[in-house]
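Colleague: Dumping the structure here so I can ask a few things about it.
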Amino acid sequence: MLSVRPAYAYGIAVKFEDRAVAFIDVLGFKDLVADAAEKEECLAQLSGLVDLLSSAVPTFDATVDKSVAPHLIPKHIYISDCIILSAPLTDADRKGYDGLSIVVMRIIQLSHYFLRAGYLIRGGVSVGKVWHTASNIVGPAYQEAFMLEQTAKDPIALLSKAAAKRWNGGSRMCLQHNDKVFVNGIFDYYIPDSKQPGVIEQTYASYAALADQRLREDLPESAKEKWTWFREFLRKEAPEGLKWSQT
C-alpha cells in the first residue's frame, strides 16, 4: 500500500511566520507571449520584459543600506510574469519596523520601474501566516494575496481587509476609494531623483504621454480600460504629488 509521509520526512520543514505578502502581475504579458511566437519584434520586446522581471527586485535590493539586517530585506520569487514578495511583519529588535510598509514601498518602486518601461502592474497584498524560501512560498497569506490580484479589475495592488486595518490611514503610499484600499503606485517619493527640480513633473508628464500613446494603439478592450483608469487616476493624483515640490 502506498503511504503518504509528512513533509519533514523528506527534509522539508514548513514553518509559518507572520509576514506581509504581495503577489504582483505585470499586465500585458500573456498577449505579448502569444505575439512573440509569430513576430520578431514582439520576441525582442518579450526578451526585454523577461530581463526586467528578473532584474527588478535585485536592482532595488542593491540600494538597501548595509545597516539593514538581511532578514528584513523582502524575499522575492520571480515566476513568468509575476513577482512575489514577503517581509517579516514585525521585528523584536526594531520597534519602529513594519513589514507591511516595506512591502508597500517595494510595490511602489516596482510600479515606477515598470511604468518607465511601458507596463502597468496589478497585485494583492495580505498579512498573515506564510512560509517563504528562495524557491517556494506557502501559506494562507500568500493564497489571499494571489486571490486579491485575480479579482482586481483595475491596475492596482489591493490590500486585504487585515492589511488595510493594519495600515489604518497612514501616508498616501496607500489610498482608499469606496471600500477598497490600494497601493498608490505613482507615489512621488519613490520616483528616482524625486527631490531634483522638475523630476516629478517630468515623470508624471511621461506617464500621461505613455497612457495617451497606449490608448491610441489597437489594444484589446480590457487593456484600454486599464490604461483609461490609469490616465484618470494620474490626472487626479498628480497634483497631490506635486504639492511639496511647488512650495
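Colleague: With among the basic types (Lys, Arg), in contact with a helix residue (DSSP H, G or I) (Cβ under 7 Å, 6 or more places away or on another chain) and under 25 Å from LEU52 (Cα atoms) as the only criterion, which of ARG172, ARG122, ARG116, ARG166 stands out?
Modeller: Matching residue, one of ARG172, ARG122, ARG116, ARG166: ARG122.
Colleague: Can you say whether VAL103 is at pLDDT 90 or above, in a helix (DSSP H, G or I) and in contact with a Leu (Cβ under 6 Å, 6 or more places away or on another chain), as far as the supplied structure shows?
Modeller: Judged against the criteria, VAL103 is a match.
Colleague: Taking region 106-130 as the region of interest, how many residues are assigned to a strand (DSSP E or B) and within 10 Å of the chain's Cα centre (by Cα)?
Modeller: 5
Colleague: Considering every residue within region 127-139, establish whether at least one is more than 19 Å from TYR78 (Cβ to Cβ) and crowded, with 23+ Cβ neighbours inside 10 Å.
Modeller: Checked region 127-139: at least one residue is more than 19 Å from TYR78 (Cβ to Cβ) and crowded, with 23+ Cβ neighbours inside 10 Å.
Colleague: Scanning region 230-247 for residues that are modelled with pLDDT of 95 or more and either surrounded by 14 or more Cβ atoms within 10 Å (Cβ to Cβ) or hydrophobic (A, V, I, L, M, F, W, C) (or both), which turns out nearest to LEU27 (Cα to Cα)?
Modeller: That would be PHE230.
Colleague: When both residues are 6+ apart or on different chains and their Cβ atoms are under 7 Å apart, which pairs have a first residue that lies in region 217-229 and is over 13 Å from GLY28 (Cα atoms) and in contact (Cβ under 8 Å) with a residue 60 or more places away in the chain, and a second that is of a type in the set (Asp, Glu) and assigned to a loop (DSSP other than H, G, I, E, B)?
Modeller: Filtered contacts from region 217-229: TRP229/ASP154.
The values are calculated or read from the model by the stated rules, or taken from the named source; none is laboratory data. What you see is a predicted model; the values in this text were computed from it and never measured. A quick note on method: Cβ atoms are made from the backbone with ideal geometry, for glycine too, and the neighbour counts reach across all protein chains shown.
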